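Below: one structure, written as structure tokens.
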Amino acid sequence: MDNIEGSIRTDISIAVSKAAKQPGAASPVINIDGRRLQINTLSREIIRALNKAGVGAVFSFDYMGQHYVITIPAGKTLIKDDVPWLGPKYLMSLYGDTAVVTPIKFK
């Protein structure tokens, strides 16, 4: 998981650097491809890093036969110290109103 978190933190840093070169632009947004990374949760530390950097994320992942695409707004995620991992159900409770959920079609 450390390599995955390192990869996401690198994406955050790159987004912040690009945004700094475009004053007045909208908050940067990164894509987190859970399929590629083989994850369906985000750590509290990643959410803190997104919030601190003012970077949003589009997190796509698979869970229980469904494909989720959840948009996490820049700097606005409530972080609870007793929740170390933000999994599919927790993320849906926060952002389900704008999430896109589709069934996975198996061949």
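Taken together, the values in this text are just the output of simple stated rules run on the coordinates, not laboratory data. If you're wondering where the values come from, they're calculated on a predicted model, not measured in any experiment. Here Cβ is always computed from backbone atoms with ideal geometry, including for glycine, and neighbour counts include all displayed protein chains.
What to note about this one:
- Extension gain from Ser43 to Glu5, taking 0.36 nm per residue of separation minus the Cα-Cα distance: 12.9 nm
- Choice from Ile79, Ile30, Ile46 with maximal GNM fluctuation in the chain (Cα, 10 Å cutoff): Ile79
- Length released on extending from Asp97 to Val16, taking residue separation times 0.36 nm less the Cα-Cα span: 26.5 nm
- Loop-located trypsin sites (Lys or Arg not before Pro) in region 60-101 (DSSP state other than H, G, I, E, B) with a sparse environment of at most 13 neighbouring Cβ atoms within 10 Å: Lys76, Lys80.
- Within region 7-101, percent of DSSP bridges classed antiparallel, to nearest 5: 70 percent
- Lysine pair count for the chain [Cα-Cα under 24 Å; pairs on different chains or 8 or more apart]: 10
- Inverse of mean 1/r across different Cα pairs in the chain, Kirkwood, Å: 14.3 Å
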